[in-house]
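Student: First the structure, which I've put down as C-alpha coordinates, then a few questions once you've had a look.
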Amino acid sequence: MPEKAARVTGHQVQDADRCCRAVQAGALWSAGEDIMGERVRRREIFGWCFYDFANSAFITVVITVVFGPYFIGVIAAGDPAANTLWGLILAVSQVIVIVAGPVLGVMADVTATKKRYLLGMMWVCAAATAALWFTGPGTVWLAAGLVVVAYAAFSFGENFCASFLSELSTPENVGRISGYGWGFGYLGGLASLGMAVLVLSRVPAGVPWVFVATAVFMVLATLPVVLLLRERKRPEPHAGSWWLLGWESMGRAARGLPRHRELLKFFVSFLLYMSGLGAVVGFAAIYSQQVLGFTTAENLVLFATLQLSSALGALLCGWWQDRAGSVNALSVALALWCLVALGAYFAETKTAFFLVGNLAGLAIGSSQAASRAVVTLLSPRDRAAEFFGFWGVFGKLAAITGPLVMGVLADVFDLRVAVLATLVFFAGGLLVLRQVKVEDRGGRKKVAD
(Lines give C-alpha, C1' and ligand atoms only; values in the text may rest on other atoms or scores of the structure.)
Protein backbone atom coordinates (compact mmCIF):
# COMPACT_ATOMS: atom_id res chain seq x y z
CA MET A 1 0.00 0.00 0.00
CA PRO A 2 1.65 3.28 -1.04
CA GLU A 3 2.51 5.61 1.81
CA LYS A 4 1.27 8.74 0.22
CA ALA A 5 -0.85 10.94 2.11
CA ALA A 6 -2.88 13.80 2.98
CA ARG A 7 -3.45 17.36 3.07
CA VAL A 8 -7.11 18.34 2.82
CA THR A 9 -7.53 21.68 1.08
CA GLY A 10 -9.32 24.64 2.64
CA HIS A 11 -12.03 24.36 0.02
CA GLN A 12 -12.62 20.73 0.96
CA VAL A 13 -12.74 21.58 4.64
CA GLN A 14 -15.38 24.23 3.95
CA ASP A 15 -17.35 21.74 1.87
CA ALA A 16 -17.13 19.16 4.66
CA ASP A 17 -18.24 21.72 7.24
CA ARG A 18 -21.24 22.68 5.11
CA CYS A 19 -22.02 19.01 4.63
CA CYS A 20 -21.93 18.32 8.38
CA ARG A 21 -24.14 21.33 9.12
CA ALA A 22 -26.62 20.14 6.52
CA VAL A 23 -26.72 16.69 8.06
CA GLN A 24 -27.30 18.13 11.52
CA ALA A 25 -30.09 20.29 10.12
CA GLY A 26 -31.67 17.25 8.46
CA ALA A 27 -31.32 18.85 5.03
CA LEU A 28 -28.83 16.58 3.28
CA TRP A 29 -30.70 13.32 2.91
CA SER A 30 -33.13 13.55 0.05
CA ALA A 31 -35.09 10.38 -0.60
CA GLY A 32 -33.38 7.96 -2.93
CA GLU A 33 -30.08 9.85 -3.23
CA ASP A 34 -26.65 9.26 -1.75
CA ILE A 35 -24.14 11.85 -0.57
CA MET A 36 -22.97 12.50 -4.14
CA GLY A 37 -26.54 13.22 -5.28
CA GLU A 38 -26.75 9.96 -7.24
CA ARG A 39 -29.60 7.50 -7.24
CA VAL A 40 -29.10 4.34 -5.18
CA ARG A 41 -30.12 1.21 -7.03
CA ARG A 42 -31.77 -1.75 -5.36
CA ARG A 43 -29.06 -4.07 -6.60
CA GLU A 44 -26.49 -2.07 -4.62
CA ILE A 45 -28.50 -2.58 -1.44
CA PHE A 46 -28.82 -6.26 -2.34
CA GLY A 47 -25.06 -6.55 -2.78
CA TRP A 48 -24.42 -4.78 0.54
CA CYS A 49 -26.82 -7.13 2.33
CA PHE A 50 -24.78 -10.10 1.19
CA TYR A 51 -21.86 -8.99 3.34
CA ASP A 52 -24.03 -9.57 6.40
CA PHE A 53 -25.06 -12.89 4.84
CA ALA A 54 -21.41 -13.93 4.51
CA ASN A 55 -20.00 -12.77 7.83
CA SER A 56 -22.84 -14.27 9.88
CA ALA A 57 -21.42 -17.69 9.03
CA PHE A 58 -18.33 -16.89 11.11
CA ILE A 59 -20.04 -15.51 14.19
CA THR A 60 -22.72 -18.23 14.15
CA VAL A 61 -20.66 -21.33 13.41
CA VAL A 62 -17.24 -20.45 14.81
CA ILE A 63 -17.79 -18.15 17.78
CA THR A 64 -21.21 -19.24 19.00
CA VAL A 65 -22.26 -22.76 18.04
CA VAL A 66 -19.34 -25.02 17.11
CA PHE A 67 -15.90 -23.72 17.99
CA GLY A 68 -16.77 -22.22 21.39
CA PRO A 69 -17.94 -25.56 22.87
CA TYR A 70 -15.16 -27.36 20.91
CA PHE A 71 -12.56 -25.13 22.55
CA ILE A 72 -13.96 -25.68 26.06
CA GLY A 73 -14.60 -29.41 25.69
CA VAL A 74 -11.71 -30.57 23.47
CA ILE A 75 -8.91 -28.07 22.98
CA ALA A 76 -8.77 -26.84 26.60
CA ALA A 77 -10.39 -29.91 28.15
CA GLY A 78 -9.61 -30.26 31.84
CA ASP A 79 -8.46 -26.67 32.31
CA PRO A 80 -10.37 -25.25 35.32
CA ALA A 81 -10.11 -21.75 33.85
CA ALA A 82 -11.32 -22.73 30.36
CA ASN A 83 -14.31 -20.35 30.43
CA THR A 84 -12.13 -17.42 31.50
CA LEU A 85 -9.57 -18.31 28.82
CA TRP A 86 -12.25 -18.35 26.10
CA GLY A 87 -13.52 -14.95 27.25
CA LEU A 88 -9.95 -13.63 27.28
CA ILE A 89 -9.32 -14.79 23.69
CA LEU A 90 -12.43 -12.96 22.51
CA ALA A 91 -11.38 -9.89 24.50
CA VAL A 92 -7.85 -9.72 23.02
CA SER A 93 -9.23 -9.72 19.48
CA GLN A 94 -11.42 -6.75 20.33
CA VAL A 95 -8.53 -4.81 21.89
CA ILE A 96 -6.91 -4.90 18.45
CA VAL A 97 -10.07 -3.48 16.89
CA ILE A 98 -10.30 -0.74 19.52
CA VAL A 99 -6.74 0.39 18.81
CA ALA A 100 -6.88 0.26 15.02
CA GLY A 101 -10.60 0.54 14.14
CA PRO A 102 -11.05 4.33 14.13
CA VAL A 103 -7.72 4.82 12.33
CA LEU A 104 -8.64 2.39 9.58
CA GLY A 105 -12.02 4.11 9.31
CA VAL A 106 -10.36 7.48 8.72
CA MET A 107 -7.96 5.96 6.21
CA ALA A 108 -10.85 4.38 4.32
CA ASP A 109 -12.74 7.69 4.26
CA VAL A 110 -9.81 9.77 3.03
CA THR A 111 -8.70 7.28 0.38
CA ALA A 112 -12.24 6.22 -0.62
CA THR A 113 -11.35 2.54 -0.21
CA LYS A 114 -14.06 1.29 2.15
CA LYS A 115 -15.00 -1.51 -0.23
CA ARG A 116 -11.40 -2.68 -0.51
CA TYR A 117 -11.03 -2.77 3.28
CA LEU A 118 -14.43 -4.45 3.60
CA LEU A 119 -13.55 -7.34 1.30
CA GLY A 120 -9.99 -7.65 2.61
CA MET A 121 -11.24 -8.16 6.16
CA MET A 122 -13.67 -10.83 5.02
CA TRP A 123 -10.95 -12.78 3.24
CA VAL A 124 -8.54 -12.56 6.19
CA CYS A 125 -11.32 -13.83 8.46
CA ALA A 126 -12.05 -16.69 6.07
CA ALA A 127 -8.38 -17.70 5.83
CA ALA A 128 -7.97 -17.82 9.64
CA THR A 129 -11.25 -19.74 9.93
CA ALA A 130 -10.07 -22.38 7.46
CA ALA A 131 -6.81 -22.72 9.42
CA LEU A 132 -8.80 -23.83 12.49
CA TRP A 133 -8.74 -27.24 10.78
CA PHE A 134 -5.27 -27.67 12.33
CA THR A 135 -6.51 -27.27 15.91
CA GLY A 136 -7.20 -30.15 18.27
CA PRO A 137 -6.62 -31.33 21.85
CA GLY A 138 -3.91 -29.28 23.53
CA THR A 139 -3.46 -26.73 20.69
CA VAL A 140 -4.58 -23.87 22.91
CA TRP A 141 -2.10 -21.28 21.66
CA LEU A 142 -2.69 -22.06 17.98
CA ALA A 143 -6.45 -21.93 18.46
CA ALA A 144 -6.18 -18.68 20.43
CA GLY A 145 -4.06 -16.98 17.76
CA LEU A 146 -6.33 -18.01 14.90
CA VAL A 147 -9.50 -16.95 16.70
CA VAL A 148 -7.95 -13.58 17.60
CA VAL A 149 -7.05 -12.91 13.95
CA ALA A 150 -10.37 -14.14 12.56
CA TYR A 151 -12.54 -12.35 15.12
CA ALA A 152 -10.61 -9.09 14.75
CA ALA A 153 -10.97 -9.20 10.96
CA PHE A 154 -14.68 -9.99 11.33
CA SER A 155 -15.11 -6.99 13.64
CA PHE A 156 -13.22 -4.61 11.35
CA GLY A 157 -15.45 -5.78 8.52
CA GLU A 158 -18.56 -5.05 10.58
CA ASN A 159 -17.43 -1.44 10.98
CA PHE A 160 -16.86 -0.96 7.26
CA CYS A 161 -20.12 -2.70 6.34
CA ALA A 162 -22.08 -0.44 8.69
CA SER A 163 -20.42 2.70 7.30
CA PHE A 164 -21.99 2.04 3.87
CA LEU A 165 -25.49 2.36 5.35
CA SER A 166 -25.49 6.16 5.26
CA GLU A 167 -24.71 6.08 1.52
CA LEU A 168 -27.48 3.60 0.73
CA SER A 169 -30.36 4.97 2.81
CA THR A 170 -32.34 8.05 3.79
CA PRO A 171 -33.85 8.96 7.20
CA GLU A 172 -37.17 7.63 5.90
CA ASN A 173 -35.86 4.14 5.08
CA VAL A 174 -32.67 3.70 7.14
CA GLY A 175 -34.45 1.36 9.56
CA ARG A 176 -35.79 -0.89 6.83
CA ILE A 177 -32.48 -1.08 4.95
CA SER A 178 -30.56 -1.80 8.14
CA GLY A 179 -33.15 -4.48 8.91
CA TYR A 180 -32.70 -5.99 5.43
CA GLY A 181 -28.98 -6.33 6.11
CA TRP A 182 -29.44 -8.02 9.47
CA GLY A 183 -32.24 -10.18 8.08
CA PHE A 184 -29.97 -11.40 5.27
CA GLY A 185 -27.30 -11.98 7.89
CA TYR A 186 -29.47 -14.31 9.92
CA LEU A 187 -30.45 -16.20 6.80
CA GLY A 188 -26.73 -16.58 6.14
CA GLY A 189 -26.29 -17.90 9.65
CA LEU A 190 -29.10 -20.40 9.02
CA ALA A 191 -27.58 -21.52 5.71
CA SER A 192 -24.15 -21.95 7.29
CA LEU A 193 -25.62 -24.00 10.14
CA GLY A 194 -27.32 -26.22 7.57
CA MET A 195 -23.95 -26.65 5.88
CA ALA A 196 -22.38 -27.53 9.25
CA VAL A 197 -25.05 -30.19 9.89
CA LEU A 198 -24.37 -31.66 6.44
CA VAL A 199 -20.60 -31.80 7.04
CA LEU A 200 -20.99 -33.36 10.49
CA SER A 201 -23.40 -35.99 9.15
CA ARG A 202 -21.24 -36.95 6.17
CA VAL A 203 -17.66 -36.65 7.43
CA PRO A 204 -16.34 -38.80 10.31
CA ALA A 205 -14.87 -36.60 13.06
CA GLY A 206 -16.07 -33.72 10.92
CA VAL A 207 -15.76 -30.77 13.31
CA PRO A 208 -12.44 -29.50 11.82
CA TRP A 209 -13.93 -29.73 8.32
CA VAL A 210 -16.82 -27.51 9.42
CA PHE A 211 -14.34 -24.62 9.70
CA VAL A 212 -13.01 -25.20 6.18
CA ALA A 213 -16.54 -25.35 4.78
CA THR A 214 -17.44 -22.16 6.66
CA ALA A 215 -14.48 -20.32 5.13
CA VAL A 216 -15.49 -21.41 1.62
CA PHE A 217 -19.07 -20.33 2.33
CA MET A 218 -17.89 -16.87 3.41
CA VAL A 219 -15.74 -16.30 0.31
CA LEU A 220 -18.46 -17.42 -2.12
CA ALA A 221 -21.13 -15.36 -0.36
CA THR A 222 -19.11 -12.15 -0.86
CA LEU A 223 -19.29 -12.41 -4.66
CA PRO A 224 -22.45 -10.23 -4.85
CA VAL A 225 -20.59 -7.63 -2.74
CA VAL A 226 -17.71 -7.64 -5.24
CA LEU A 227 -20.05 -7.31 -8.21
CA LEU A 228 -22.79 -4.96 -6.97
CA LEU A 229 -21.58 -2.69 -4.17
CA ARG A 230 -20.10 0.64 -5.29
CA GLU A 231 -17.41 2.80 -3.74
CA ARG A 232 -19.19 6.17 -3.94
CA LYS A 233 -16.99 8.54 -1.98
CA ARG A 234 -14.21 10.35 -3.85
CA PRO A 235 -10.61 10.28 -2.60
CA GLU A 236 -9.31 13.36 -0.79
CA PRO A 237 -5.83 14.71 -1.67
CA HIS A 238 -3.47 13.85 1.15
CA ALA A 239 0.21 14.12 2.04
CA GLY A 240 2.28 12.33 4.64
CA SER A 241 1.71 9.00 6.34
CA TRP A 242 -1.76 7.49 6.14
CA TRP A 243 -1.30 6.08 9.63
CA LEU A 244 -0.34 9.51 11.03
CA LEU A 245 -3.26 11.10 9.21
CA GLY A 246 -5.57 8.50 10.70
CA TRP A 247 -4.44 9.21 14.27
CA GLU A 248 -4.60 12.99 13.76
CA SER A 249 -8.09 12.79 12.28
CA MET A 250 -9.20 10.39 14.99
CA GLY A 251 -7.91 12.83 17.62
CA ARG A 252 -9.86 15.69 16.07
CA ALA A 253 -12.98 13.55 15.87
CA ALA A 254 -12.55 12.39 19.47
CA ARG A 255 -12.22 15.99 20.66
CA GLY A 256 -15.36 16.86 18.71
CA LEU A 257 -17.34 13.83 19.87
CA PRO A 258 -18.61 15.56 23.06
CA ARG A 259 -20.36 18.10 20.79
CA HIS A 260 -22.47 15.21 19.50
CA ARG A 261 -24.10 14.78 22.88
CA GLU A 262 -26.90 12.48 21.81
CA LEU A 263 -24.50 10.21 19.94
CA LEU A 264 -22.19 10.08 22.96
CA LYS A 265 -25.08 9.16 25.26
CA PHE A 266 -26.10 6.47 22.82
CA PHE A 267 -22.58 5.06 22.81
CA VAL A 268 -22.74 4.69 26.61
CA SER A 269 -26.02 2.79 26.31
CA PHE A 270 -24.56 0.76 23.45
CA LEU A 271 -21.54 -0.19 25.57
CA LEU A 272 -23.78 -1.49 28.34
CA TYR A 273 -26.27 -3.55 26.36
CA MET A 274 -23.67 -4.84 23.91
CA SER A 275 -21.69 -6.16 26.89
CA GLY A 276 -24.71 -8.33 27.62
CA LEU A 277 -25.00 -9.33 23.98
CA GLY A 278 -21.28 -10.15 23.80
CA ALA A 279 -21.67 -12.50 26.77
CA VAL A 280 -24.65 -14.18 25.10
CA VAL A 281 -22.84 -14.66 21.77
CA GLY A 282 -19.71 -16.03 23.43
CA PHE A 283 -21.38 -18.39 25.89
CA ALA A 284 -24.88 -19.31 24.67
CA ALA A 285 -23.94 -22.71 23.24
CA ILE A 286 -21.57 -23.39 26.14
CA TYR A 287 -24.40 -22.56 28.57
CA SER A 288 -26.87 -24.84 26.82
CA GLN A 289 -24.40 -27.75 26.85
CA GLN A 290 -23.00 -27.37 30.36
CA VAL A 291 -26.16 -26.30 32.21
CA LEU A 292 -28.98 -28.01 30.30
CA GLY A 293 -27.20 -30.92 28.64
CA PHE A 294 -27.75 -30.02 24.98
CA THR A 295 -25.83 -32.17 22.49
CA THR A 296 -24.03 -30.63 19.49
CA ALA A 297 -26.88 -31.74 17.23
CA GLU A 298 -29.48 -30.20 19.55
CA ASN A 299 -27.50 -26.97 19.65
CA LEU A 300 -27.45 -26.86 15.86
CA VAL A 301 -31.24 -27.21 15.77
CA LEU A 302 -31.66 -24.58 18.49
CA PHE A 303 -29.48 -22.03 16.75
CA ALA A 304 -30.99 -22.78 13.34
CA THR A 305 -34.43 -21.80 14.63
CA LEU A 306 -32.84 -18.83 16.40
CA GLN A 307 -31.56 -17.56 13.03
CA LEU A 308 -35.13 -17.52 11.73
CA SER A 309 -36.49 -15.66 14.73
CA SER A 310 -33.54 -13.23 14.51
CA ALA A 311 -34.26 -12.52 10.85
CA LEU A 312 -37.92 -11.94 11.70
CA GLY A 313 -36.93 -9.60 14.54
CA ALA A 314 -34.59 -7.60 12.31
CA LEU A 315 -37.15 -7.18 9.53
CA LEU A 316 -40.04 -6.31 11.85
CA CYS A 317 -37.92 -3.88 13.83
CA GLY A 318 -36.57 -2.26 10.67
CA TRP A 319 -40.13 -1.67 9.44
CA TRP A 320 -41.42 -0.51 12.82
CA GLN A 321 -38.60 1.86 13.76
CA ASP A 322 -39.18 3.94 10.63
CA ARG A 323 -42.66 4.58 12.06
CA ALA A 324 -42.24 4.52 15.84
CA GLY A 325 -38.69 5.90 16.06
CA SER A 326 -35.37 4.13 16.49
CA VAL A 327 -35.09 4.78 20.24
CA ASN A 328 -38.56 3.39 20.90
CA ALA A 329 -37.92 0.29 18.81
CA LEU A 330 -34.57 -0.33 20.47
CA SER A 331 -36.11 0.15 23.92
CA VAL A 332 -38.58 -2.66 23.26
CA ALA A 333 -35.72 -4.89 22.08
CA LEU A 334 -33.76 -4.24 25.29
CA ALA A 335 -36.83 -4.98 27.40
CA LEU A 336 -37.03 -8.32 25.55
CA TRP A 337 -33.38 -8.94 26.41
CA CYS A 338 -34.13 -8.45 30.10
CA LEU A 339 -36.84 -11.12 29.84
CA VAL A 340 -34.39 -13.41 28.02
CA ALA A 341 -31.80 -13.08 30.81
CA LEU A 342 -34.39 -13.93 33.46
CA GLY A 343 -35.76 -16.78 31.36
CA ALA A 344 -32.31 -18.32 30.88
CA TYR A 345 -31.65 -18.16 34.63
CA PHE A 346 -34.91 -19.89 35.55
CA ALA A 347 -35.03 -22.39 32.64
CA GLU A 348 -34.77 -25.96 33.94
CA THR A 349 -35.65 -27.95 30.81
CA LYS A 350 -34.46 -28.02 27.22
CA THR A 351 -37.94 -27.04 26.04
CA ALA A 352 -37.97 -23.94 28.25
CA PHE A 353 -34.51 -22.93 27.05
CA PHE A 354 -35.57 -23.51 23.45
CA LEU A 355 -38.39 -20.98 23.93
CA VAL A 356 -36.02 -18.54 25.65
CA GLY A 357 -33.56 -18.93 22.76
CA ASN A 358 -36.14 -17.96 20.18
CA LEU A 359 -37.20 -14.96 22.24
CA ALA A 360 -33.49 -14.04 22.25
CA GLY A 361 -33.58 -14.34 18.45
CA LEU A 362 -36.30 -11.71 18.21
CA ALA A 363 -34.35 -9.50 20.61
CA ILE A 364 -30.98 -9.81 18.89
CA GLY A 365 -32.39 -9.11 15.45
CA SER A 366 -34.29 -6.07 16.67
CA SER A 367 -31.48 -4.59 18.77
CA GLN A 368 -28.78 -4.93 16.13
CA ALA A 369 -30.90 -3.50 13.31
CA ALA A 370 -31.98 -0.53 15.42
CA SER A 371 -28.47 0.16 16.78
CA ARG A 372 -26.92 0.60 13.35
CA ALA A 373 -29.76 2.89 12.29
CA VAL A 374 -29.36 5.14 15.36
CA VAL A 375 -25.64 5.65 14.68
CA THR A 376 -26.40 6.43 11.04
CA LEU A 377 -28.97 9.08 12.02
CA LEU A 378 -26.68 10.77 14.55
CA SER A 379 -23.39 10.71 12.59
CA PRO A 380 -22.07 13.26 10.04
CA ARG A 381 -22.75 11.54 6.79
CA ASP A 382 -19.52 12.44 5.00
CA ARG A 383 -17.50 10.88 7.84
CA ALA A 384 -19.50 7.68 8.15
CA ALA A 385 -16.56 5.27 8.37
CA GLU A 386 -14.86 7.50 10.95
CA PHE A 387 -17.88 7.64 13.26
CA PHE A 388 -18.67 3.99 12.75
CA GLY A 389 -15.09 3.44 13.86
CA PHE A 390 -16.13 4.90 17.22
CA TRP A 391 -19.24 2.73 17.12
CA GLY A 392 -16.85 -0.16 16.69
CA VAL A 393 -14.71 1.00 19.63
CA PHE A 394 -17.66 0.99 22.02
CA GLY A 395 -18.93 -2.28 20.58
CA LYS A 396 -15.54 -3.91 21.01
CA LEU A 397 -15.18 -2.60 24.55
CA ALA A 398 -18.46 -4.36 25.18
CA ALA A 399 -17.15 -7.51 23.49
CA ILE A 400 -14.27 -7.41 25.99
CA THR A 401 -16.37 -6.64 29.07
CA GLY A 402 -19.26 -9.04 28.52
CA PRO A 403 -17.40 -12.31 27.78
CA LEU A 404 -14.75 -11.61 30.42
CA VAL A 405 -17.32 -10.93 33.14
CA MET A 406 -19.30 -13.99 32.07
CA GLY A 407 -16.23 -16.24 31.96
CA VAL A 408 -14.87 -15.16 35.33
CA LEU A 409 -18.25 -15.46 37.07
CA ALA A 410 -18.79 -18.87 35.46
CA ASP A 411 -15.46 -20.18 36.80
CA VAL A 412 -15.88 -18.56 40.24
CA PHE A 413 -19.57 -19.45 40.71
CA ASP A 414 -21.32 -21.21 37.82
CA LEU A 415 -22.85 -20.34 34.45
CA ARG A 416 -26.38 -20.02 35.82
CA VAL A 417 -25.28 -17.31 38.26
CA ALA A 418 -23.12 -15.67 35.58
CA VAL A 419 -26.09 -15.21 33.25
CA LEU A 420 -27.56 -12.68 35.69
CA ALA A 421 -24.75 -10.30 34.73
CA THR A 422 -26.39 -9.93 31.32
CA LEU A 423 -29.57 -8.72 33.02
CA VAL A 424 -27.58 -5.91 34.67
CA PHE A 425 -26.03 -4.93 31.32
CA PHE A 426 -29.34 -4.91 29.42
CA ALA A 427 -31.26 -3.02 32.11
CA GLY A 428 -28.49 -0.41 32.41
CA GLY A 429 -28.41 0.08 28.65
CA LEU A 430 -32.17 0.56 28.55
CA LEU A 431 -32.09 3.22 31.29
CA VAL A 432 -29.42 5.26 29.48
CA LEU A 433 -31.07 4.79 26.08
CA ARG A 434 -34.27 6.45 27.29
CA GLN A 435 -32.28 9.68 27.67
CA VAL A 436 -31.20 9.70 24.00
CA LYS A 437 -33.10 11.95 21.59
CA VAL A 438 -32.94 11.21 17.88
CA GLU A 439 -34.45 13.29 15.11
CA ASP A 440 -36.01 10.54 13.08
CA ARG A 441 -39.43 9.73 11.81
CA GLY A 442 -41.65 8.98 14.75
CA GLY A 443 -38.87 9.74 17.25
CA ARG A 444 -38.34 12.67 19.58
CA LYS A 445 -36.52 15.77 18.45
CA LYS A 446 -32.77 15.64 18.75
CA VAL A 447 -31.25 18.17 21.14
CA ALA A 448 -29.37 20.84 19.24
CA ASP A 449 -25.59 20.69 19.48
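The values are calculated or read from the model by the stated rules, or taken from the named source; none is laboratory data. No experiment lies behind these values; they were computed from the predicted model shown. Quick reminder, even Gly has a Cβ in these numbers, built from the backbone with ideal geometry, and neighbours come from all protein chains shown. Just so you know, the surface numbers come from the protein's heavy atoms only, side chains and all, with ligands and any DNA or RNA stripped out. Shrake-Rupley method; radii C 1.70, N 1.55, O 1.52, S 1.80 Å.
Student: Going out from 0 in 10 Å bins, what whole percent of all Cα-Cα distances in segment 67-130 drops into each bin?
Tutor: P(r) over segment 67-130, rounded to whole percents: 18, 34, 28, 15, 4.
Student: As a test of the definition: which semi-axes, in Å, follow for segment 114-164 when you take the square root of five times each eigenvalue of its alpha carbon gyration tensor? Largest first, please.
Tutor: 25, 9, 6
Student: Mind pulling the per residue volume of the convex hull built on the Cα atoms of segment 32-144? Å³ is fine.
Tutor: Considering the Cα atoms of segment 32-144, their hull volume per residue is 122 Å³.
Student: Another question, if that's okay. How many Å² of accessible area per residue for segment 282-357, probe 1.4 Å?
Tutor: On a per-residue basis, 39 Å².
Student: Kindly provide log₁₀ I(q)/I(0) values, in the same order as q = 0.11, 0.14, 0.17 Å⁻¹, from the Debye equation applied to equal alpha-carbon scatterers of segment 162-241.
Tutor: After summing over all Cα pairs, the log10 values are -0.50, -0.69, -0.84.
Student: How long are the three semi-axes of the equivalent ellipsoid of segment 265-307, in whole Å, if each is the root of 5 times an eigenvalue of the C-alpha gyration tensor, listed from largest down?
Tutor: Square roots of five times the eigenvalues give 27, 11, 5 Å.
Student: Rolling a 1.4 Å sphere over the protein heavy atoms, what is the accessible area per residue of segment 190-234, to the nearest Å²?
Tutor: For segment 190-234, the per-residue accessible area is 49 Å².
Student: Whole-Hz Karplus ³J(HN,Hα) for segment 93-101, in order, using 6.51 cos²θ - 1.76 cosθ + 1.60 and θ = phi - 60°, x for Gly and Pro?
Tutor: Karplus values, whole Hz, x for Gly and Pro: 4, 7, 4, 4, 5, 4, 5, 9, x.
Student: Take peptides 270-283, 120-133 and line them up by average Cβ neighbours within 10 Å, highest first, as a rough protection proxy.
Tutor: Per-residue Cβ counts within 10 Å, averaged per peptide and sorted highest first, yield 270-283, 120-133.
Student: Something else about it: Using a 7 Å offset from the Cα along the Cα-to-Cβ direction at both Leu264 and Val226, what is the distance between the two label points in nm, to one decimal?
Tutor: Spacing of the two 7 Å Cα→Cβ label points: 4.4 nm.
Student: Additional query: Report, in cubic angstrom per residue, the convex hull volume of the C-alpha atoms of segment 80-205.
Tutor: Looking at segment 80-205, the number lands at 138 Å³ per residue.
Student: Expected output is a single nm value to one decimal: the length gained when fully extending between Thr349 and Val203, i.e. 0.36 nm times separation in residues minus the C-alpha distance. What is it?
Tutor: Taking Thr349 through Val203 to full extension adds about 49.5 nm, to one decimal.
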